[in-house]
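Asks: One structure is given below, represented as structure tokens, and several questions about it will come after.
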Amino acid sequence: MSDPCCEAESPIRVVLAKLGLDGHDRGLKVVARTLRDAGMEVIYLGLRQSTDSIVAACEQEDADVIGLSMHNAGHLTLVPRMVQAVDQAGLDVPVVIGGIVPAHDVPTLIEFGAAAVIGPGASAEEVVSAVEAAVARPTAAR
Amino acid sequence: MSPNHIGELFEAALGGNRRALGKLLTMVEKQGSSAAMVSERAHRDAGQARVVGVTGAPGTGKSTITGQLAGASGASRPAILAIDPSSPLTGGAILGDRIRMDNHVGCGAFIRSMATRGHAGGLAVAVPDAVRVLDAAGCDPIIVETVGVGQVEVSIAAAADTTVVVVTPGWGDAVQANKAGLLEVADVFVVNKADRPDARGARRDLELMLDLGHRSRWRAPIVLTTATKAEGIDDLWAEIERHTAYLHDSGELIRRRGRRRRDEVADRIELELRDRVHQIVQGEPGEAALGRVDRNEISPAAAAELLLAALKPHNPPEG
Ligand SMILES: Nc1nc2c(ncn2[C@@H]2O[C@H](COP(=O)(O)OP(=O)(O)O)[C@@H](O)[C@H]2O)c(=O)[nH]1
Ligand SMILES: [Mg+2]
């Protein structure tokens, strides 16, 4: 890159979505505001997204990271499906999981390829630093 | 970023590769050193697409309409550029337009969300470049959604071939639109949320305002829509096409696009100059001159005159 100064200046772009059919997006909206307040650009997809719609949004928006909210206990099937869809599209975009995930499933999700799992009690700072840490890897590699 | 790599990205984008197109847009959005190369390359192939601006107050239904329009166009490769303000405090933004679009865009439009990123002035160059890239990548039509509040945002929507201004029922909204300077830029009016009471009243109010306004060969038609039910969208697209035909037949298209390019060049110079003024004032000569002003040795006018010398070109520009 010939332009290190300006590359660094661009805000992190996050695609924020909820997979599947479950109900509300209150938590997701809170996360959206938290990330915005940390200076990120949040591409908010909201509820009822599919892995395809999320991948399409990532491509078009040239997103740095996907934030996925889980509430319906489908995480053990949905997370690997999401990671796989991202890989298959040839995207180098980490997937950060939030919402309600039982602590004992966290190592499994990481094994499935999630970049981080943010627990339900996480503070704003923890949410932000998890996203930043996830992005740091592929961004540096660019 | 090498010219070769940029050329490859364009090839891929033209072939429908969305990732490549996404990357190119990021480059022009950053307006860094790659942007000039991307812009140069795009300019060679641009000029084919119809560019439609959609603007109006927040919440009037612009995103819903925009998504629907992309579908109604029947085009194989429509694109949408959805622009929202960044937070002036943190520089972050929530870009939520896709929610209203994806549901309707079964046709698979290419949608890109763009934040204003600090200075709205930057938009005045980043948006034309983004449109140019989409155009060169074979997208058509290109629909640009902006919130019609700031002057820059309105002028961006106005820098389209056809500008659509969206209002909702209620006299207040039309008055607001008038104040924001939206009425002058409208080629087509939409009264959206026609499922609400008094949509006809809103249309009548607009008609009255148009009667009072100056006359030209094109009188902006008013279309009633209920975007959430896709009602009136085909009519709206038909009016946009009628306006496109008018632009061609009247020669106005060439004039408009010429004006647009001239404005963009001026905007770019202005932006660059503003940067340099900043550098000069905050740099060493600026500090020195300001010090003399502080000590009452010279006037602010004299200081400006002194510093201005730093802006003057050593060689006159070549034509
Ligand atoms: N009742 C009604 N609501 C609408 C209509 N069009 C859009 N909306 C709603 O108005 C809100 C704002 O719409 P959006 O497209 O995001 O507006 P924008 O801010 O102008 O882009 C959403 O809740 C839409 O569902 C309509 O024709 N009738
Ligand atoms: Mg919108």
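Asks: Taking the stated definitions as given, is B:Leu25 in contact (Cβ under 8 Å) with a residue 40 or more places away in the chain and surrounded by fewer than 19 Cβ atoms within 10 Å (Cβ to Cβ)? Spell out how you get there, then give the answer.
Replies: On the way: in contact (Cβ under 8 Å) with a residue 40 or more places away in the chain: yes; surrounded by fewer than 19 Cβ atoms within 10 Å (Cβ to Cβ): no.
Against the criterion (in contact (Cβ under 8 Å) with a residue 40 or more places away in the chain and surrounded by fewer than 19 Cβ atoms within 10 Å (Cβ to Cβ)), B:Leu25 does not qualify.
Asks: Answer with yes or no whether A:Asp64 is crowded, with 21+ Cβ neighbours inside 10 Å, within 14 Å of another protein chain (Cβ to nearest Cβ) and of a type in the set (D, E, K, R). Steps first, answer last, please.
Replies: Values: crowded, with 21+ Cβ neighbours inside 10 Å: yes; within 14 Å of another protein chain (Cβ to nearest Cβ): yes; of a type in the set (D, E, K, R): yes.
Judged against the criteria, A:Asp64 is a match.
Asks: How many of the residues in region B:123-164 are among the small types (Gly, Ala, Ser) and under 21 Å from B:Ile222 (Cβ atoms)? It would help to see each step written out before you state the result.
Replies: Narrowing region B:123-164 to residues among the small types (Gly, Ala, Ser): B:124, B:126, B:130, B:136-138, B:148, B:150, B:155, B:157-160.
From what's left, under 21 Å from B:Ile222 (Cβ atoms): B:148, B:157-158, B:160.
Count: 4.
Asks: Next question, about the same structure. Looking at A:Thr139, A:Thr108 in this structure, which one is surrounded by 14 or more Cβ atoms within 10 Å (Cβ to Cβ), modelled with pLDDT under 90, out of contact with any Lys or Arg (no Cβ under 8 Å at 6 or more places or on another chain) and assigned to a helix (DSSP H, G or I)?
Replies: Values: A:Thr108 fails: modelled with pLDDT under 90.
After ruling out the rest, the residue left standing is A:Thr139.
Asks: If I ask for residues that are open to solvent by less than 90 Å² (accessible area, probe 1.4 Å) and among the polar types (S, T, N, Q), which ones from region B:285-304 would you list?
Replies: Hit for region B:285-304 is B:Ser299, nothing else.
Asks: If we scan region A:31-47, do we find a residue that is touching a residue at least 12 places away in the same chain (Cβ under 8 Å), farther than 25 Å from B:Ser86 by Cβ and not polar (S, T, N, Q)? Show your work before the answer.
Replies: Kept after step one, since they are touching a residue at least 12 places away in the same chain (Cβ under 8 Å), are these residues of region A:31-47: A:31-32, A:34-35, A:37-47.
Checking which are farther than 25 Å from B:Ser86 by Cβ leaves us with none.
For region A:31-47, residues touching a residue at least 12 places away in the same chain (Cβ under 8 Å), farther than 25 Å from B:Ser86 by Cβ and not polar (S, T, N, Q): absent.
Asks: Let me ask another. Tally time: how many residues in region B:282-310 are in a helix (DSSP H, G or I) and either touching a residue at least 60 places away in the same chain (Cβ under 8 Å) or farther than 22 Å from B:Gln31 by Cβ (or both)? Give the derivation first.
Replies: Of the residues in region B:282-310, the ones in a helix (DSSP H, G or I) are B:282, B:284-294, B:300-308.
In the following step, the residues that additionally are either touching a residue at least 60 places away in the same chain (Cβ under 8 Å) or farther than 22 Å from B:Gln31 by Cβ (or both) were identified as B:284-294, B:300-308.
So the answer is 20.
Asks: Is there a residue being open to solvent by less than 30 Å² (accessible area, probe 1.4 Å), more than 26 Å from B:Thr26 (Cβ to Cβ) and either of a type in the set (Phe, Trp, Tyr) or in a strand (DSSP E or B) (or both) anywhere in region A:38-56?
Replies: Taking every residue of region A:38-56 in turn, none turns out to be open to solvent by less than 30 Å² (accessible area, probe 1.4 Å), more than 26 Å from B:Thr26 (Cβ to Cβ) and either of a type in the set (Phe, Trp, Tyr) or in a strand (DSSP E or B) (or both).
Asks: Return only the number of the condition from (1) in contact with a strand residue (DSSP E or B) (Cβ under 9 Å, 6 or more places away or on another chain); (2) over 28 Å from B:Leu9 (Cβ atoms); (3) within 10 Å of ligand 2 (Cβ to nearest atom) that B:Gly59 does not satisfy.
Replies: The single condition B:Gly59 does not satisfy is (1).
Asks: What number goes with the only condition from (1) more than 25 Å from B:Arg100 (Cβ to Cβ); (2) in contact (Cβ under 8 Å) with a residue 12 or more places away in the chain; (3) assigned to a helix (DSSP H, G or I) that A:Thr77 does not pass?
Replies: Here A:Thr77 meets the rest and fails (2).
Asks: Taking interchain pairs and intrachain pairs at least six residues apart, which have beta carbon atoms under 9 angstrom, with the first residue in region B:218-231 and acidic (Asp, Glu) and the second within 16 Å of ligand 2 (Cβ to nearest atom)?
Replies: Close Cβ pairs (under 9 Å, with a partner that is within 16 Å of ligand 2 (Cβ to nearest atom)) amount to B:Glu231/B:Thr225.
Asks: Given the structure, is B:Gln48 more than 14 Å from every other protein chain (Cβ to nearest Cβ), surrounded by fewer than 24 Cβ atoms within 10 Å (Cβ to Cβ) and either more than 16 Å from ligand 2 (Cβ to nearest atom) or of a type outside the set (Asp, Glu) (or both)?
Replies: Working: more than 14 Å from every other protein chain (Cβ to nearest Cβ): yes; surrounded by fewer than 24 Cβ atoms within 10 Å (Cβ to Cβ): yes; either more than 16 Å from ligand 2 (Cβ to nearest atom) or of a type outside the set (Asp, Glu) (or both): yes.
Answer is yes for this residue.
Asks: Say whether the condition of being at pLDDT 90 or above, open to solvent by 50 Å² or more (accessible area, probe 1.4 Å), within 16 Å of ligand 1 (Cβ to nearest atom) and within 14 Å of chain A (Cβ to nearest Cβ) is met by at least one residue in region B:60-76. Spell out the reasoning first.
Replies: To start, the set of residues in region B:60-76 that are at pLDDT 90 or above comprises B:60-76.
Filter again for open to solvent by 50 Å² or more (accessible area, probe 1.4 Å), leaving B:74, B:76.
Those still in the list that are within 16 Å of ligand 1 (Cβ to nearest atom) too: none.
Looking for residues that are at pLDDT 90 or above, open to solvent by 50 Å² or more (accessible area, probe 1.4 Å), within 16 Å of ligand 1 (Cβ to nearest atom) and within 14 Å of chain A (Cβ to nearest Cβ), one finds none in region B:60-76, hence no.
Asks: Can I ask one more? Can you tell me which residue within region B:141-163, out of those that are within 14 Å of B:Glu184 (Cβ to Cβ) and within 16 Å of ligand 1 (Cβ to nearest atom), is modelled with the highest pLDDT?
Replies: B:Thr163
Asks: Take B:Leu89 and decide whether it is free of Cβ contacts under 8 Å to residues at least 12 places away in the same chain, more than 15 Å from ligand 1 (Cβ to nearest atom) and either more than 16 Å from the chain's Cα centre (by Cα) or farther than 19 Å from B:Asp187 by Cα (or both).
Replies: Answer is yes for this residue.
Asks: Evaluate region B:212-225: report whether one residue or more is within 16 Å of ligand 2 (Cβ to nearest atom) and closer than 24 Å to B:Thr66 by Cβ. Before you say what the answer is, go through the steps one by one.
Replies: Applying the first criterion (within 16 Å of ligand 2 (Cβ to nearest atom)) to region B:212-225 yields B:225.
Narrowing the set further to residues that are closer than 24 Å to B:Thr66 by Cβ leaves B:225.
Looking through region B:212-225, at least one residue is within 16 Å of ligand 2 (Cβ to nearest atom) and closer than 24 Å to B:Thr66 by Cβ.
Residue by residue, here is whether (1) within 20 Å of B:Ile143 (Cβ to Cβ); (2) buried (at least 24 other Cβ atoms within 10 Å of the Cβ); (3) polar (S, T, N, Q) holds:
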position	(1), (2), (3)
B:Gly170	no, no, no
B:Asn178	no, no, yes
B:Gly181	no, no, no
B:Asn192	yes, yes, yes
B:Asp195	no, no, no
B:Arg203	no, no, no
B:Leu212	no, no, no
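Asks: Kindly provide the set of residues from region B:132-157 that are open to solvent by 20 Å² or more (accessible area, probe 1.4 Å), within 24 Å of B:Ala36 (Cα to Cα) and away from ligand 2 (no atom under 16 Å from the Cβ), ordered by number.
Replies: B:Arg132, B:Gly138, B:Asp140, B:Val152, B:Ser155
Asks: The conditions are (1) buried (at least 21 other Cβ atoms within 10 Å of the Cβ); (2) under 24 Å from B:Gly91 (Cα atoms); (3) at the interface with chain B (Cβ under 9 Å from one of its Cβ atoms), and A:Lys29 fails exactly one of them. Which is it?
Replies: Going through the list (1) buried (at least 21 other Cβ atoms within 10 Å of the Cβ); (2) under 24 Å from B:Gly91 (Cα atoms); (3) at the interface with chain B (Cβ under 9 Å from one of its Cβ atoms), A:Lys29 breaks only (1).
Asks: Scanning region B:213-244 for residues that are assigned to a loop (DSSP other than H, G, I, E, B), within 10 Å of ligand 1 (Cβ to nearest atom) and not polar (S, T, N, Q), which turns out farthest from the other protein chains (Cβ to nearest Cβ)? Break it down into steps so the answer makes sense when it comes.
Replies: First, the residues of region B:213-244 that are assigned to a loop (DSSP other than H, G, I, E, B): B:213-221, B:225, B:230, B:232.
Then drop every residue that is not within 10 Å of ligand 1 (Cβ to nearest atom), which leaves B:225, B:230, B:232.
Checking the rest, the ones that are also not polar (S, T, N, Q) come to B:230, B:232.
Details: B:Ala230: 19, B:Gly232: 25 Å.
Of everything passing the filter in region B:213-244, B:Gly232 is farthest from the other protein chains (Cβ to nearest Cβ).
The values are calculated or read from the model by the stated rules, or taken from the named source; none is laboratory data. Please read all numbers here as calculations on a predicted model, not as lab measurements. Cβ sites come from the backbone with ideal geometry, for glycine too, and all protein chains shown count toward neighbours. Surface areas here come from the heavy atoms of the whole protein model, side chains and all, with no ligands, DNA or RNA. Shrake-Rupley method; radii C 1.70, N 1.55, O 1.52, S 1.80 Å.
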